[in-house]
Amino acid sequence: TQYPSLITPKQSIGKSQEGRDIWAVKISDNPGIDEQEPEVYFDGLIHAREPQSMMTLLYFMMNLLEQYGKDPELTYLVDNREIWFVPVHNPDGYVYNEVHYGWGGMWRKNRRNNPGSCYGVDLNRNYDINFGGVGSSSDECDDTYHGQYAFSEPEAAGYADFVGDHEFVTNISFHSVASLILLPWGYTYSHTPDDALFREIGNIMSETNGYPVGQAGEVLYLASGTTTDWLYAAHDVFSYTVEIGGSGFWPSESELPGLVAENLWPQQIITRIAGDYLALEDAALTGGDGDGEPDAGETLDLTVTIENQALAGAVANTQVTLATGDPYVQLHDASSSLGSIPARSSASNAGDPFSFTVDASTPDAHQLTLTLVIT
Ligand code: 0X9
Ligand code: CA
Ligand code: ZN
């Protein structure tokens, strides 16, 4: 309601077993239009007792909306991506916890009325990737019951249809509470062809939360029929399962801000890498008295290193331009061309650095203000 120009109304991707809608929203500029922008997908609460997975998504959504027009990096992402959210994949299980146990409910599965005496299918075993294999149970009473066949559950089938209707490049499926960043494959110890890249980006995601990075079989346990493996196998989505940390499935309210904060960066990274994203990697001052800091009266060179953080695709015709409104700075050479930067690579203007003079009358401790524009 507050940001109609940045987020769609909620739309149903299908119904749950008990007939509840499973809601999706998209955050982007011109949200009502399907633009030619890389699509990103985040989902949570496939397991009914993992509410932190939902809250982490809601806070990233708020972060994007509130910072639009203020934070240039988040603004770029909203303008140049279509960022989809399914915060509650398993509404029936969540409501079941709420109605029967309130805070602390330990129900995990959906609410399928199985032929025997036990309810529920583990939706994160119901996907069509090594269905019924290791780390899933054929006993309907088990917490990891895989269901009668792949996509037997309307929640998983709706999710699969939704994914089929889009061209998602990247995904995080959020869970809790193991503090892990999990990459495919989850059902085998074998590595995917993209293993090195999965680990490289997993390690960047981990910078703010410190969660160990690896395949489920390396750091947790093997699991078959999961969303992440299916997204990667069936749709080539660069997908992770992030297990948020905390003291338990129902963290105290005071833990929430910290758990949210440490997982904003992974979501930002996953949104960045889905398409062109040029970032300042390094900046260095040379010249003057050589101490790397600007002093009054000095003429200095500024070298910047720009990284193309995209998963794939070179960015052509990259330009960097320096601007300033600082009355004590006089720019001499304020632009250079970096040409084409391949994916996951960097380029610098070392061959043609920026050059500027700091006025001799600059007061002590005055902070220079320079703006770098990357085009
Ligand atoms: O067992 C699960 O479904 C996940 N753990 S949880 O405690 N949240 O239930 C781990 C799934 C791992 N799957 C992949 N890495 N694909
Ligand atoms: Ca858009
Ligand atoms: Zn889970």
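The values are calculated or read from the model by the stated rules, or taken from the named source; none is laboratory data. On a predicted model such as this, the values are computed, not experimentally measured, just so you know. A quick note on method: Cβ atoms are made from the backbone with ideal geometry, for glycine too, and the neighbour counts reach across all protein chains shown. SASA here: full protein model, heavy atoms, side chains in, ligands and nucleic acids out. Shrake-Rupley method; radii C 1.70, N 1.55, O 1.52, S 1.80 Å.
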**Prompt:** Residue check, Q36 against (1) modelled with pLDDT of 95 or more; (2) over 24 Å from G313 (Cβ atoms); (3) in a loop (DSSP other than H, G, I, E, B); (4) more than 16 Å from ligand 1 (Cβ to nearest atom), all met but one. Which one?
**Reply:** (2)
**Prompt:** For the stretch 186-197, what are the residues that are part of a loop (DSSP other than H, G, I, E, B) and open to solvent by less than 40 Å² (accessible area, probe 1.4 Å)?
**Reply:** G186, T188, T192
**Prompt:** Of everything in the stretch 8-27 that's on the phi < 0 side of the Ramachandran plot and outside any strand (DSSP E or B), which residue is nearest to ligand 2 (Cβ to nearest atom)?
**Reply:** T8
**Fill in**
Taking the stretch 8-20 and keeping residues surrounded by 17 or more Cβ atoms within 10 Å (Cβ to Cβ) and more than 21 Å from G164 (Cβ to Cβ) leaves R20
**Asked** Of the residues that sit in the stretch 342-359 and are part of a loop (DSSP other than H, G, I, E, B) and touching a residue at least 40 places away in the same chain (Cβ under 8 Å), which one is farthest from E200 (Cα to Cα)?
**Response** D359
**Complete:** The condition of being within 16 Å of ligand 3 (Cβ to nearest atom), outside any loop (DSSP other than H, G, I, E, B) and over 25 Å from L311 (Cα atoms) holds, among M54, M62, only for M54
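Yes or no, residue by residue, for (1) under 11 Å from P87 (Cα atoms); (2) surrounded by fewer than 20 Cβ atoms within 10 Å (Cβ to Cβ); (3) away from ligand 1 (no atom under 16 Å from the Cβ):
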{"residue": "I22", "(1), (2), (3)": "yes, no, yes"}
{"residue": "P31", "(1), (2), (3)": "no, no, yes"}
{"residue": "F42", "(1), (2), (3)": "yes, no, no"}
{"residue": "S53", "(1), (2), (3)": "yes, no, no"}
{"residue": "L64", "(1), (2), (3)": "no, no, yes"}
**Complete:** Condition set of a type in the set (D, E) and away from ligand 3 (no atom under 16 Å from the Cβ), scope the stretch 149-185, selection least open to solvent (accessible area, probe 1.4 Å): answer is D161
**Asked** Among the numbered criteria (1) under 21 Å from L259 (Cβ atoms); (2) more than 16 Å from ligand 1 (Cβ to nearest atom), which single criterion is violated by R49?
**Response** (2)
**Fill in**
Over the stretch 71-116, the set of residues assigned to a helix (DSSP H, G or I), touching a residue at least 40 places away in the same chain (Cβ under 8 Å), over 15 Å from W23 (Cα atoms) and open to solvent by 50 Å² or more (accessible area, probe 1.4 Å) is E73, Y76, N80
**Request:** Working only within the stretch 117-131, note down all residues that are open to solvent by 50 Å² or more (accessible area, probe 1.4 Å) and not hydrophobic (A, V, I, L, M, F, W, C).
**Result:** S117, Y119, D128, N130
**Complete:** Given the conditions (1) in contact (Cβ under 8 Å) with a residue 60 or more places away in the chain; (2) open to solvent by less than 50 Å² (accessible area, probe 1.4 Å); (3) not hydrophobic (A, V, I, L, M, F, W, C), every one holds for D326 apart from (1)
**Message:** Quick check on my filter: what residues within the stretch 329-371 are loosely packed, with under 15 Cβ neighbours inside 10 Å and among the hydroxyl-bearing types (S, T, Y)?
**Reply:** S337, S340, S345, S361, T369, T371
